[in-house]
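All of the numbers you see were taken from the coordinates with simple rules; none came from a lab. Everything numeric in this text was worked out from a predicted model, so none of it was measured. No Cβ is skipped: glycine too gets one built from the backbone with ideal geometry, and neighbour counts run over all protein chains shown.
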Amino acid sequence: MNERRTSFLAVLIVGVLAAGCAESDPVESDRPTAGGASTPTTATTSSPAAADEPASPASEPTVEAVDYRVTYEWGVPSDQVTVPHSAVTLDPSGPSLPYLVAVYVGDHPDEDPPYQRIAFYFREAFPEYNLQYVREVVQEGSGEPIELEGNAFLRVGFVNAQAHDNDGASTVETAPNETIGFFNLKSYGSAGDFEGHLTFGLGLQVAPDSDQVLLIRAGELKRPDGTGDFYYVVHVDVQTGLFG
């Protein structure tokens, strides 16, 4: 009788231990399966901001913008086009200039005219900015051309702006892959972030062996971030150009 009770207790203890081990393992149902949904891979990346700083958006906000205006109507900026903004005085504990927190791209084939957009989200204020078609976009300082996919190139420069904090760390928390892959807006790349000059290059695709030039538009808007503050957004639009 005692022997049976001992055997029963041994089996019970083994069962409890096995159950405890099973509960400490990851739950298999939380992992994506071949037939189930999994977390989608996107072209943006995001990292948490410091607790005392406003966060950048994980996906482009859809809240209605305010103070929208077109700053350069559809045209061909063969000479540099500049949109001025006055320098602002900022909190000395933070970045000394308006700073970039996010970059987004979007295709708008149903608009009239259709276009593809890259949008630069800044904190604190609008920087001055300029646009120009160039033979190649070169790295500020070294003068070396940056690699861009496409056969036409647009330089986008921001003045009194930066993409780093006071410790030199990047403030950009959300950005697409440099290869965008739209029909005309193919790629973008950084060409410098130094002494208040922040520069990007856009790689565009036009008809090969032709004199096709795509029209460009620029604009800006303030977009509420949900905390009482704003994102200061500068967008550059590339009008869709078809070719055979």
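Quick notes on this one:
- Look at where the Cα atoms of segment 91-136 and of segment 227-244 average out, and the two centres are 7 Å apart.
- Counting only Cβ charges, +1 for Lys and Arg and -1 for Asp and Glu, the dipole size of segment 66-239 around its Cα centre is about 220 debye.
- A cut-off under 10 angstrom between Cβ atoms defines the neighbours of D67, and their net charge, with Lys, Arg +1 and Asp, Glu -1, is +2.
- Options A207, V88, V76, ranked by Cα towards positive dipole end of segment 66-239, top entry (Cβ charges): V76
- Of all DSSP beta bridges in segment 54-202, antiparallel share, percent nearest 5: 95 percent
- Evaluated at q = 0.18 Å⁻¹, the base-10 log of the normalised Debye intensity for segment 103-208, with identical point scatterers placed on the Cα atoms, takes the values -0.93.
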